[in-house]
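What follows is calculated from the coordinates using simple rules that are stated; it is not laboratory data. Note that the structure is predicted; figures quoted are calculated from it, not measured. Reconstructed Cβ throughout: ideal geometry from the backbone, glycine too, with neighbour counts over all protein chains shown.
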Amino acid sequence: MSEFLHMGGYAWYVWGSYGVTFACLAIEIIVLLNRETKK
Amino acid sequence: MRWFWYASPQTFFPLTGRIALGCGIAAALLAAAGLYIGFFVAPTDAQQGEAYRIIFIHVPAAWMSMFIYLVMAFWAALGLALNTRLSGMMASALAPTGALFTFIALWTGALWGRPTWGTYWVWGDARLMSELILLFLYFGFMALHAAIEDPRRADRAAAVLALVGVVNIPIIYYSVQWWNTLHQGASVSLTRAPTMAATMLTGMLVMALAFWMYSIAATMLRVRGIIRERG
């Protein structure tokens, strides 16, 4: 598991990419669903 | 087929919810499959080690950033030509998601550039600059639309901007051939065999499909909000 997280020494680059992407999409979904439920 | 039936926001509205739900579920399933292939099936790259795994979001996000712009410009042109109300709403609904994918392409590109080229960013590099201009085109579209009070006039003004900006799309796409750039050429093309392992390619294409589905779902949700606001 820790080897997986280590990403062969590229952890910051790989997880930095996936983390920010996931955060961006999550924020967009939350904003859109918020608007949807408010009406 | 009555093409103009769904050109009315009111008749289109009930459809948007169903499309958003279906595409949202498809996006989640495809993303799970794509990430599984990307991290557990695709092998370590011989030259780049694990750093190359950024490809599974970088390339699909870059494709989406360009494709959403083309779809946005298509709706903009349709709105100018036919004066249909839904067209402008669709263009406005696409812009923020397009900007988001452009940002993701730039961000993941920077984090991939550092271990492979030794730098996060190069000012003046053709591929990087044209993609940055794409981000500014999305921002410009949204800012211009927001600055004009009458929504129909805002639609038309922003549509003209969107259409002028279309020139940038082939510039991004061919920048790696037209200029010297750090960026590598296309790994996948319609005219020749891909230059990557089959599992890597599969993971990338599944993630691209997931981003497609996500973009449709997000756009449908956003157009619902716009139809409610503008009626």
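Report the relative contact order of chain B, percent, no decimals, based on alpha-carbon pairs under 8 angstrom and at least 6 residues apart.
37
Report, to the nearest 10°, how far helix B:151-165 tilts away from the longest principal axis of the Cα atoms in chain B, using its own Cα long axis and a range of 0 to 90°.
30
Using the Cβ atoms and a cut-off under 15 Å, what net charge is assigned to the surroundings of residue B:103, where Lys and Arg are +1 and Asp and Glu are -1? Intermediate results must be reported in sequence, preceding the final value.
Details: positive: none; negative: A:28, B:131.
Spelling it out: positives minus negatives among the neighbours equals -2.
For the stretch B:10-230, what is the charge dipole size about the Cα centre, in debye to the nearest 20, if Lys and Arg each add +1 at the Cβ and Asp and Glu each add -1 at the Cβ? List each step's numbers first, then the result.
On the way: 13 positive and 8 negative charges, 105 e Å.
Magnitude of the dipole: close to 500 debye.
For chain B, which semi-axes, largest first and in whole Å, follow from the square roots of 5 times the eigenvalues of its Cα gyration tensor? Kindly include the intermediate steps, with their values, before the conclusion.
On the way: eigenvalues 222, 95, 39 Å².
Semi-axes from the Cα gyration tensor: 33, 22, 14 Å.
Taking a ≥ b ≥ c as the square roots of the Cα gyration tensor eigenvalues, with a/c under 1.5 meaning rounded and otherwise prolate when a/b beats b/c, else oblate, which class fits the stretch B:22-78?
Working: a/c = 5.80, a/b = 1.75, b/c = 3.32.
Oblate.
From a point 7 Å beyond the Cα of residue B:19 in the direction of its Cβ, which residues of the stretch B:53-90 have a backbone N at a distance under 11 Å?
Counting only backbone N, you get B:87, B:90.
If each of residue B:160 and residue B:144 carries a label point 7 Å out from its Cα toward its Cβ, how far apart are those two points in nm?
With each label placed 7 Å out from Cα toward Cβ, I get 0.8 nm.
Please give the helix B:85-117 orientation as an angle from the longest Cα principal axis of chain B, in degrees from 0 to 90, rounded to the nearest 10.
Around 10 degrees separate the two axes.
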